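Peer 1: So that we are looking at the same thing, I have put the structure below in C-alpha cells.
The values are calculated or read from the model by the stated rules, or taken from the named source; none is laboratory data. Everything numeric in this text was worked out from a predicted model, so none of it was measured. Glycine gets a Cβ as well: all are built from the backbone with ideal geometry, and neighbour counts include every protein chain shown.
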Amino acid sequence: MLFNSYPFILLFLPAVLAGYFWLGRRSNLAPVIWLALASLTFYAIGNWQFVALLLLSIAFNYGIGHLLIVAKLGPSQRKAALAVGVAGDLLVLGIFKYAGFAIDNINALAGTHIAVHILLPVGISFYTFTQIAFLVDAYRGQVAAYALPHYALFVTYFPHLIAGPILHHKDMIPQFEQERSKHPQSHLILCGLIIFGMGLFKKTGLADGIQPLVMQAFGPNTPTFDQAWIGALAYTFQLYFDFSGYSDMAIGISLMFGIFLPVNFNSPYKATSIIEFWRRWHMTLSQFLRDYLYIPLGGNRLGRVRRYVNLMVTMLLGGLWHGAAWTFVAWGALHGAYLCINHAWIHFAPPIPRRLAPVAGFVGFVLTFLAVVVAWVFFRADSLATALLVLSKMAEPGNLALGRGEIAYALFIAVYAAFAWFMPNTMKLMGYDHRSRKVGEAFAASRLHSVYLYAAAAVLAFGVLGIQSRSEFIYFRF
Amino acid sequence: MSTPTKSLIKFLAAVVAVLVAAPVLTFIVDPLQLFRPARVVDAMYSIDSRMQNAGLIHSQTFDTVFMGTSLAIHFRQSDMDKALGVRSLKLAMSGSNSHEQSFVLATAMERHPARVIWEMDDWIFRDAPEVDANAYIPADFYRRNARGIASYLVSGAMARESLWILARSVPPLRPVVTRLTNGIMFKFPLAQAEDINVLRPSDNVAEIYNAGKALAAFKFITDPVRSNYLAEGYETGAMMRNFERDAVALIAQNPSVTFDIYFPPYSILQFVAMRDASPTTLAIVYDVTARIAQRLTQLPNVRLYDFRRVKDVTHDLGNYSDVVHHSPAVDAKVLHWLARGDYRVDPKMPLASLDELKAQVEAYRVPQ
C-alpha cells in the first residue's frame, strides 16, 4: 500500500487511528497489538507473498534476542548465538537480494547460463538492518527484555516498514510502551498532518513532476551536454524530494499516533562537504553504518590508512545495500573515495583564514553538490556503460541541443534547486525535535498561526490532488 | 474545546474546502471538454491524444473518424475534409495497439459516424495489455463512469490547467498567458483541435524526412545487436486473435458504418530489414496481412487499400524519417488515393497486391 494513495489516506489511516485510540482507552497493550496487526495488513496489501518471510524473520530474531538477553549463556555461547542470528539475517538477505546478482556474475565469468528468478521482498533491507542492530545491542548487553508484541511492532511499524527511516529499538520500544501516546493529542495530530502534507506534496507535486525530465539523460536517445545535465540534475532533485517526502510522510503519520520517528533528512544539498552531506542525507542509514559497520571495523582508531580502508569498505557495502548491481557498488566506491579525500583534506590542507571562510564554504558547497550529482548518475543508470555514457556527455560542452524544451527544463530545475537550497526543510519549519519529543511549539505560538495553518492545509490538499495512480517511491526497490 | 483541537478542525475544514474547490473549478472550465463543448472559456487542446480523444469524441462535430498510429498522426483534419468531402475527427495515437484503437473507435461509434478511415499497421495486433491495465490510456475518461469523472475532477493537474485556461480567457490577461502557454509546462497548449499533433510551420520537413535518415534507421534496426527487436511480439496466432477481436468484431457490430482501411506506405526498407535480419518475422507479416486482407475483403462494409506496393513512394527514401514514417507530401497522396479509390484490394484477388509487394522486396537492393 502506498502513502500517496486514496485508500491509504481516506480509509486505512483513519481506521487505524480510530482503532488505536479507541483501544487506548481500555488497555495499554491492545493498541500495540492492533498497530502491529494493522502494520502486517499494510504490508500484506500488495506484498502478501512475503508476509510469512517477515513473520519468520521476526520470530527468528526475537528468539535469538531472547537467548542473548534472558538465557544465561556463557561468552562463547553468546558469541555463537549472535553469529547464528546475524548470519541467518544476512543469508536471507543474500538469497533474496543478491543471489541473482551473484549468478549473473558467475555466468559472465564462467560463460554459464544459470537462471534464477527471485522476487525482492519489499522492505527486506530495512527490516533486516533494524533487527541486526537489535541482535548486536542484545549481545552487547544494551537491551532490556522486550515483550513480543512490542518487538513485532518495532519491526513492522507501518510508517517505516517499507522504506525507513531505519529505527532503533532503544528509541522506539519505550515509546510503544508509554501510555500517553495511546490517547489522541490534537496538537500532535495536527502537526503530524502538516508534516505528512508537506511530504505528500514533495512526492506528488515535486518528485513526480520532475520525473519525466530524468529521461533527457537516461532515455533511449544519446543525450547532448545540456540534456545530460538536465537529466542528471532532475534525478538529483527527484530522488531527494521523493525520499525525503516519504520520510516526512512517515514521520507525520507516526506523530499522529504520538510516536516520534528519527529525522532522516536535513537539507542535504546545502552541505559544504561530503562528510556533512552524509550527516544530512538518509541520516538513519548513516548512523547505522557508522555504529554497526564502520566502528566495529575499527573506525578511526587504528591509524589513518585503516580509517580510509574502513571508510571505503563501509561505503562499498552501503552501496551494495541499496541494490545488487555494479552501478551501486560504483556509487558506494565514489562516495567512499569522496570521504577519504575529504578526511585527507581536513588533515593535510592548511587552515583557511577566517576572512576566506565564506568563499571556502561556497566552493565546498559547489564541489560537494557536483560530486553528489556525478555519483547519482551511477545510482540511476541501468548499467555502468550507461552511466559512463551520460557522464561523458556531461563533459562535452560543445555538443548542445539548447532548444526551447531544454531552456524550459533548465528553468524548471532552477525552481527545484531554489526549493532545495534556500527553503528551510520540513523539520525546521515545524520545529520537530526528535530527541526532546517536541514539535510545532513556535508554530502554535506564532501570531501568524492562522496563516500558516491555512497555507499548510493548502499544501496537504494540493498533495492529495496531485496523487497519480502507480507512482511508487524510488526507495521501495531497495 | 482546546486551542489545538480548534486548530485541527480549522485545518481539516480548509483542506476539505480546497479539495472541493479544485473539482468545482475543473468542472466549470472542463479543460478536456468531457462534459460539454467549451463556451464560457476558450477551448484548448492537448497533444496527448490518448487523453484528448476522450474529450474530442464528445465535444467535436464529425461524420468521419480517422484512426491509426504515428503514421497517421500528422494528418490535418482540414486536408481530410477537403480531399474526401467529409467532416473528420482524427483520433490517431502514436504507438497505439489494436486494443486501444478498437476501444477508442467503439466510444466514437456512440456518436454515429458514417465512415471510419483506419490506417492499419500489422504490428498493432501484437499482444498488448488490456486498456484497463494500460497506464497510458485513461479508459474511464472514455467511459465517463464514476471513477473516470472522479479522477478527472479530483486532480491537481487538471485544476492547474483549468486555472490557466480561465486566466487565458480573461481579455486583459490573454496576451500574456498566451505567450507563456507552451506544451512543456501545460497539458493543453493548442487553441485549435486542427493543430493536434500536426507538423508546425517552423518544422523543417526536408531535415525531418530524407534518405540519409531512412538509411541510418535501416542500419540501426538491422544491426545484429538490435535486430531481435524486429521479431518482438510477432506471433501469428495472437495477432489473428487480436485482429478478430479488435477489428472484425467492431466492424461487424457497426454494419451501417463504412470502414476504409489501408495498409500504410512503409518504405521498402521496412520489409527489406526483415528480409535481411529477421526472415521469419517477414514470413509472419506476409502471412498475417494475407489473412487480414482475405478476411476484410469479405466484409460488406469494408473497403481495403494496400499502399505498401506503391513503388513510386515506398522506394523514394527521401519521403521518410526512418523506415516507416512518411512525410506530409505522402499524407496528401494517401488522401488523394482514398478519394479516387486507387490501390483498392480486389475482393476477388485479395492477395494480388501482397504478391506485388513480395516481388518488390525480393528484388530490392539497399543503396550503399
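Peer 1: Take A:MET430 and tell me if it is within 14 Å of chain B (Cβ to nearest Cβ) and either in contact with a helix residue (DSSP H, G or I) (Cβ under 9 Å, 6 or more places away or on another chain) or loosely packed, with under 13 Cβ neighbours inside 10 Å (or both).
Peer 2: Yes: the conditions hold for A:MET430.
Peer 1: Would you check which residues across segment A:274-301 are more than 15 Å from A:GLY164 (Cβ to Cβ) and crowded, with 20+ Cβ neighbours inside 10 Å and list them?
Peer 2: A:ILE274, A:PHE277, A:TRP278, A:TYR294
Peer 1: A:GLY466 versus (1) within 14 Å of another protein chain (Cβ to nearest Cβ); (2) surrounded by fewer than 17 Cβ atoms within 10 Å (Cβ to Cβ); (3) touching a residue at least 40 places away in the same chain (Cβ under 8 Å): which is the lone unmet condition?
Peer 2: (2)
Peer 1: Do we find that B:VAL104 is at negative phi and touching an Asp or Glu at 6+ places or on another chain (Cβ under 9 Å) in this structure?
Peer 2: Considered against the rule, which asks whether it is at negative phi and touching an Asp or Glu at 6+ places or on another chain (Cβ under 9 Å), B:VAL104 comes out as no.
Peer 1: Here is a follow-up. So, restricting to helices (runs of 4 or more DSSP H) that lie completely within segment A:369-478, which ones have at least 1 residues that are acidic (Asp, Glu) and out of contact with any Cys (no Cβ under 6 Å at 6 or more places or on another chain)?
Peer 2: Once the helices (runs of 4 or more DSSP H) in segment A:369-478 are filtered for at least 1 residues that are acidic (Asp, Glu) and out of contact with any Cys (no Cβ under 6 Å at 6 or more places or on another chain), what remains is A:404-422, A:441-445.
Peer 1: Related question: Answer yes or no: is there a residue in segment A:323-341 that is part of a loop (DSSP other than H, G, I, E, B), surrounded by fewer than 17 Cβ atoms within 10 Å (Cβ to Cβ) and either modelled with pLDDT under 95 or among the acidic types (Asp, Glu) (or both).
Peer 2: Looking through segment A:323-341, none of the residues is part of a loop (DSSP other than H, G, I, E, B), surrounded by fewer than 17 Cβ atoms within 10 Å (Cβ to Cβ) and either modelled with pLDDT under 95 or among the acidic types (Asp, Glu) (or both).
Peer 1: Another question, if that's okay. Does any residue of segment A:248-263 turn out to be within 14 Å of another protein chain (Cβ to nearest Cβ), at positive phi, in contact (Cβ under 8 Å) with a residue 40 or more places away in the chain and out of contact with any Gly (no Cβ under 7 Å at 6 or more places or on another chain)?
Peer 2: Checked against the condition, which is being within 14 Å of another protein chain (Cβ to nearest Cβ), at positive phi, in contact (Cβ under 8 Å) with a residue 40 or more places away in the chain and out of contact with any Gly (no Cβ under 7 Å at 6 or more places or on another chain), segment A:248-263 yields at least one hit.
Peer 1: Turning to a different aspect of this structure: Can you tell me which residue in segment A:254-265 is nearest to A:ARG180 (Cα to Cα), limited to those that are more than 12 Å from the chain's Cα centre (by Cα) and in a loop (DSSP other than H, G, I, E, B)?
Peer 2: Per the stated criteria, the residue is A:GLY258.
Peer 1: Can you confirm whether segment B:191-206 contains a residue that is loosely packed, with under 13 Cβ neighbours inside 10 Å, among the hydrophobic types (A, V, I, L, M, F, W, C), over 30 Å from A:ILE210 (Cα atoms) and within 13 Å of chain A (Cβ to nearest Cβ)?
Peer 2: No: segment B:191-206 contains no residue that is loosely packed, with under 13 Cβ neighbours inside 10 Å, among the hydrophobic types (A, V, I, L, M, F, W, C), over 30 Å from A:ILE210 (Cα atoms) and within 13 Å of chain A (Cβ to nearest Cβ).
Peer 1: Also: Looking for whichever is of a type outside the set (Lys, Arg), free of Cβ contacts under 8 Å to residues at least 24 places away in the same chain and within 27 Å of B:TRP337 (Cβ to Cβ) here; the options are B:ASP203, B:ASP260. Which one fits?
Peer 2: Values: B:ASP260 fails: free of Cβ contacts under 8 Å to residues at least 24 places away in the same chain.
Unique residue meeting the criteria: B:ASP203.
Peer 1: Is at least one residue of segment A:103-112 in a helix (DSSP H, G or I), touching a residue at least 24 places away in the same chain (Cβ under 8 Å) and hydrophobic (A, V, I, L, M, F, W, C)?
Peer 2: no
Peer 1: Name every residue in segment B:146-176 that is among the charged types (D, E, K, R), more than 14 Å from chain A (Cβ to nearest Cβ) and surrounded by 15 or more Cβ atoms within 10 Å (Cβ to Cβ), in order of residue number.
Peer 2: If the condition is that a residue be among the charged types (D, E, K, R), more than 14 Å from chain A (Cβ to nearest Cβ) and surrounded by 15 or more Cβ atoms within 10 Å (Cβ to Cβ), then B:ARG168 is the only one that fits.
Peer 1: Only one of these is among the small types (Gly, Ala, Ser) and either within 11 Å of chain B (Cβ to nearest Cβ) or loosely packed, with under 14 Cβ neighbours inside 10 Å (or both): A:ALA381, A:ALA455, A:ALA417, A:ALA387. Name it.
Peer 2: Values: A:ALA381 fails: either within 11 Å of chain B (Cβ to nearest Cβ) or loosely packed, with under 14 Cβ neighbours inside 10 Å (or both); A:ALA417 fails: either within 11 Å of chain B (Cβ to nearest Cβ) or loosely packed, with under 14 Cβ neighbours inside 10 Å (or both); A:ALA387 fails: either within 11 Å of chain B (Cβ to nearest Cβ) or loosely packed, with under 14 Cβ neighbours inside 10 Å (or both).
Unique residue meeting the criteria: A:ALA455.
Peer 1: Say we look at segment B:125-145 and pick out the residues that are without any contact (Cβ under 8 Å) to a residue 12 or more places away in the chain and within 13 Å of chain A (Cβ to nearest Cβ); which of these is nearest to the chain's Cα centre (by Cα)?
Peer 2: The selected residue is B:ALA135.
Peer 1: Checking A:LEU109 against (1) exposed (fewer than 13 other Cβ atoms within 10 Å of the Cβ); (2) within 21 Å of A:PHE154 (Cα to Cα); (3) not charged (D, E, K, R), only one condition comes out false. Which one?
Peer 2: Result: A:LEU109 fails condition (2) only.
Peer 1: Name the pairs whose Cβ atoms lie under 6 Å apart, with the first residue in segment A:54-75 and closer than 17 Å to A:LEU40 by Cα, the second acidic (Asp, Glu), and 6 or more positions between them or separate chains?
Peer 2: none
Peer 1: Right, another one. Considering each residue of segment B:241-296, count those that are out of contact with any strand residue (DSSP E or B) (no Cβ under 7 Å at 6 or more places or on another chain) and assigned to a helix (DSSP H, G or I), and give that number.
Peer 2: Taking segment B:241-296 as the starting set, the residues that turn out to be out of contact with any strand residue (DSSP E or B) (no Cβ under 7 Å at 6 or more places or on another chain) are B:241-250, B:252-256, B:266, B:268-288, B:290-292, B:294-295.
Then keep just the ones that are assigned to a helix (DSSP H, G or I); that gives B:241-250, B:252-253, B:268-277, B:279-288, B:290-292, B:294-295.
Of the residues in segment B:241-296, 37 are out of contact with any strand residue (DSSP E or B) (no Cβ under 7 Å at 6 or more places or on another chain) and assigned to a helix (DSSP H, G or I).
Peer 1: Step by step: first the residues of segment A:439-452, then only those that are without any contact (Cβ under 8 Å) to a residue 60 or more places away in the chain and closer than 19 Å to B:THR5 by Cβ, then the one that is surrounded by the fewest Cβ atoms within 10 Å (Cβ to Cβ). Which residue is that?
Peer 2: A:ALA445
Peer 1: If a residue counts only when it is β-branched (Val, Ile, Thr), surrounded by 22 or more Cβ atoms within 10 Å (Cβ to Cβ) and in contact (Cβ under 8 Å) with a residue 60 or more places away in the chain, which helices (runs of 4 or more DSSP H) contained entirely in segment B:1-102 have at least 2 such residues?
Peer 2: Details: elements: B:3-29, B:49-59, B:77-84.
Per the criteria, B:3-29.
Peer 1: Mind telling me which of the residues B:GLY95, B:GLY55 ends up being within 14 Å of chain A (Cβ to nearest Cβ) and within 26 Å of the chain's Cα centre (by Cα)?
Peer 2: Just one listed residue meets the conditions, B:GLY95.
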